[in-house]
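Q: The following block contains the structure, expressed as structure tokens.
The values are calculated or read from the model by the stated rules, or taken from the named source; none is laboratory data. Remember, it's a predicted structure, so these values are computed and weren't measured experimentally. Note: ideal-geometry Cβ built from the backbone for every residue, glycine included; neighbour counts use all protein chains shown.
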Amino acid sequence: MEIYLPIAQMSVHWIVILGMGLAVGFLSGMFGIGGGFLLTPLLIFYGIPPGVAVATTASQVTASTFSGMISHWRQKTVDLKMGGVMLAGGLAGTAFGVYLFGILRRVGQAELTVSASYVILLGAVGGLMLNESVRTLRAVRAGQPAGGRKPGQHNWVHGLPFKMRFRRSRLYISVIPPALLGFTVGILSAIMGVGGGFIMVPVMIYVLRVPTNVTVGTSLFQVLFVTAASTVLHAVDNYTVDIMLALLLILGGVVGVQFGVRMAARLRGEQLRMLLALLALAMALRLLYDLVATPPDLYSLAVSAT
Amino acid sequence: MKRLALLFLVCFCAAARADDLVSGLSQDQIEITSNYTGTDMVVFGAIESMDSANAARDVVVVVRGPAANMSVRRKVRIAGIWINRDEMSLSGMPSYCFVASSRPLSQIASKQTLQRYQIGLGNLQPTKVSTHRPPKAVPFIQAAVRERAHDQLYAEVPMGVEFLSYSLFRVRVPIPASVPRGQYTAEVYLFRDGAVISAQSTPLFVNQIGLERRLYNYAHTWPLSYGLSTVLLAVFLGWLSSVLFRQR
């Protein structure tokens, strides 16, 4: 059965969209990611206009991160102060990103920017994760313990001014890196519809050295607000949020997450990360192919009512 | 506008002629609801003929959607990547166009006549293009037509006019789900010996109704409140799922 989307102005098979939400939710629960970076390209492949795909995915990520954030809140693994600093940067980044996206849409480069950003990010993150998971797998096979955080080790982050104490993260660092990280993720959220967890988590763990359990909760907190802001700003600036599409994606997503979480318990961490890395790389290659291959029609058309 | 004036003139003059054209639509309103997947509309009509049966007559039916602004972009390869570079904006192109005729258009009338009435996908003209040299716009106009035809919003069916008897005819007009809302016109032209001898134009409305319409209007009238509602919906469903999950 088909359902008509009022903003995208096209009909879609609701089972397909629900299935996409379910599948992405499943992966999101399995890997502990928002899943936006998988959902936006999927929707674009299905034929949803990129603008609507980006804006609506942001609302789907809002739902899944809220669900995750609640459980972290109960476990007290959300560093509100750190989250607040990142959020300040994040909201500025989102506003800038939505503004930028509007300009790109008007000059006809939005599609290219979205695709190219995805190729670069998925390629980089997928490559890094694949490398890391293969090394861990080898190390485990060779009988060595997996490397973790080395406490007390200092890096360039500790040389910056405006230091602040983050009690829950057990850190005393400058506010510049978390604010900057938030800003970057805010722009990405606006342009790509992603929450940015897949970038934020590694940076928080490896660069800021936030404890792993606090990292996930705090990143969810930040992503929740950034994607919520992104949804509202896209609705106001670009009229591209489709509430029907959002509803279907969210319904599929929240159910998928539950199955994903159960599945994750049965698989090993390195194997999971390797699977995710391969998935990200495959997606990057597919998008890269579209950018490089000669298109069937060199002309493209954008229509607006008078 | 010129085309409409012309049409009006033809209608007016036709009254005095021997052949008279009567036409109608199966529905004057098409409503897009949540399970709308496209429908067929029927344009039907009759030619009331006074003279002998051997005159060569042709019927052409054109259904046009509301005018739209189109921007057509051409990609070029820069450093191995295809990038949109040249852009042309075309105003006043119909957002939807369906043309059916009793014979191929080229056999019915001359190119000039067809162009004057903008009959046929090859004869659509934007009212304004963003260039001072109109010939430059031609490949862009052709690309726009190609793209719309690919989306099934432009179509031309050379034998689409079905004669049920000597004077009675019928045309099936597909209205796909992606049609824009607004006022459409169904134009019926009667040709004889390559000239329009009678024409009729009937308005048709395509509307989103019910929930879809309200959502669309809501999103465009109160975007801030619409955005906030979407977020609230997301947060509520997220909360609901976490509650349900905890109880299991």
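Q: Go through the residues of segment B:144-161 one by one and say whether even a single one is more than 21 Å from the chain's Cα centre (by Cα) and either surrounded by fewer than 17 Cβ atoms within 10 Å (Cβ to Cβ) or among the basic types (Lys, Arg) (or both). Give the derivation first.
A: Quick first cut of segment B:144-161, residues more than 21 Å from the chain's Cα centre (by Cα) only: none.
Checking segment B:144-161: not a single residue is more than 21 Å from the chain's Cα centre (by Cα) and either surrounded by fewer than 17 Cβ atoms within 10 Å (Cβ to Cβ) or among the basic types (Lys, Arg) (or both).
Q: Only residues that are touching a residue at least 60 places away in the same chain (Cβ under 8 Å), among the hydroxyl-bearing types (Ser, Thr, Tyr) and either within 23 Å of residue A:121 (Cβ to Cβ) or within 11 Å of chain B (Cβ to nearest Cβ) (or both): list them for segment A:31-84, please.
A: Once the filter is applied, which keeps residues that are touching a residue at least 60 places away in the same chain (Cβ under 8 Å), among the hydroxyl-bearing types (Ser, Thr, Tyr) and either within 23 Å of residue A:121 (Cβ to Cβ) or within 11 Å of chain B (Cβ to nearest Cβ) (or both), segment A:31-84 yields A:40, A:56, A:57, A:59, A:62, A:64, A:65, A:67.
Q: Starting from residues that are within 14 Å of residue B:131 (Cβ to Cβ) and not aliphatic (A, V, I, L, M), keep the ones in segment B:74-94 and report whichever is nearest to the chain's Cα centre (by Cα). Spell out the reasoning first.
A: Looking only at segment B:74-94, we keep the residues that are within 14 Å of residue B:131 (Cβ to Cβ), and these are B:74, B:86-91.
From the residues that got through so far, the ones that are not aliphatic (A, V, I, L, M) too are B:74, B:86-87, B:89, B:91.
Numbers: B:74: 24, B:86: 26, B:87: 23, B:89: 19, B:91: 15 Å.
Once the filter is applied, the top-ranked residue is B:91.
Q: Further question on the same structure: Out of all the residues in segment B:54-87, which are closer than 30 Å to residue B:192 by Cβ and without any contact (Cβ under 8 Å) to a residue 24 or more places away in the chain?
A: The answer is B:54, and nothing else.
Q: If I ask for residues that are of a type in the set (S, T, N, Q) and either at pLDDT 90 or above or closer than 24 Å to residue B:124 by Cβ (or both), which ones from segment B:151-169 would you list? Reasoning before the result, please.
A: Step one: filter segment B:151-169 for residues of a type in the set (S, T, N, Q), giving B:152, B:165, B:167.
B:152 - this is the single residue of segment B:151-169 that is of a type in the set (S, T, N, Q) and either at pLDDT 90 or above or closer than 24 Å to residue B:124 by Cβ (or both).
Q: Now for a different question. Quick check on this structure: which one of A:299, A:289 is exposed (fewer than 14 other Cβ atoms within 10 Å of the Cβ) and within 14 Å of chain B (Cβ to nearest Cβ)?
A: Values: A:299 fails: exposed (fewer than 14 other Cβ atoms within 10 Å of the Cβ).
After applying the criteria, what remains is A:289.
Q: Any residue that is in contact with a helix residue (DSSP H, G or I) (Cβ under 8 Å, 6 or more places away or on another chain), over 23 Å from residue B:171 (Cβ atoms) and modelled with pLDDT under 85 - is there at least one of those in segment B:43-61? Walk me through how you get there before you give the answer.
A: From segment B:43-61, those in contact with a helix residue (DSSP H, G or I) (Cβ under 8 Å, 6 or more places away or on another chain) are B:58, B:60; that's our starting set.
Then keep just the ones that are over 23 Å from residue B:171 (Cβ atoms); that gives none.
Scanning segment B:43-61, I find no residue that is in contact with a helix residue (DSSP H, G or I) (Cβ under 8 Å, 6 or more places away or on another chain), over 23 Å from residue B:171 (Cβ atoms) and modelled with pLDDT under 85, so the answer is no.
Q: Additional query: Suppose we keep only residues that are touching a helix residue (DSSP H, G or I) at 6+ places or on another chain (Cβ under 8 Å) and among the charged types (D, E, K, R) within segment A:101-136. Which one would you say is farthest from the other protein chains (Cβ to nearest Cβ)?
A: Filtering segment A:101-136 for residues that are touching a helix residue (DSSP H, G or I) at 6+ places or on another chain (Cβ under 8 Å) and among the charged types (D, E, K, R), the one farthest from the other protein chains (Cβ to nearest Cβ) comes out as A:132.
Q: Name the single residue that is surrounded by the fewest Cβ atoms within 10 Å (Cβ to Cβ) among those in segment A:1-28 being facing another protein chain (nearest Cβ under 10 Å) and not in a strand (DSSP E or B).
A: Per the stated criteria, the residue is A:1.
Q: For the condition in contact with an Asp or Glu (Cβ under 6 Å, 6 or more places away or on another chain) and of a type in the set (Val, Ile, Thr), what is the one hit in A:214, A:254? Please lay out each step first, then the result.
A: Working: A:254 fails: in contact with an Asp or Glu (Cβ under 6 Å, 6 or more places away or on another chain).
The conditions single out A:214.
Q: Taking the condition under 22 Å from residue B:216 (Cα atoms), modelled with pLDDT under 85 and of a type outside the set (Phe, Trp, Tyr), does residue A:41 pass?
A: no
Q: Looking at the structure I just gave you, is residue B:237 hydrophobic (A, V, I, L, M, F, W, C), free of Cβ contacts under 8 Å to residues at least 40 places away in the same chain, closer than 25 Å to residue A:253 by Cα and buried (at least 20 other Cβ atoms within 10 Å of the Cβ)?
A: Criteria met by residue B:237.
Q: Which one of these is touching a residue at least 12 places away in the same chain (Cβ under 8 Å) and either under 30 Å from residue A:138 (Cα atoms) or within 10 Å of chain B (Cβ to nearest Cβ) (or both): A:247, A:278? Give the steps one after another, and end with the answer.
A: On the way: A:247 fails: touching a residue at least 12 places away in the same chain (Cβ under 8 Å).
The unique qualifying residue is A:278.
Q: Step by step: first the residues of segment B:198-248, then only those that are among the aliphatic types (A, V, I, L, M) and assigned to a strand (DSSP E or B), then the one that is nearest to the other protein chains (Cβ to nearest Cβ). Which residue is that? Full working, then the answer.
A: Within segment B:198-248, the subset among the aliphatic types (A, V, I, L, M) is B:199, B:204, B:206, B:209, B:211, B:215, B:219, B:224, B:228, B:231-235, B:237, B:240, B:243-244.
With the extra rule that they be assigned to a strand (DSSP E or B), the set shrinks to B:199, B:204, B:206.
Numbers: B:199: 25, B:204: 17, B:206: 12 Å.
Going through the qualifying residues, I end up with B:206.
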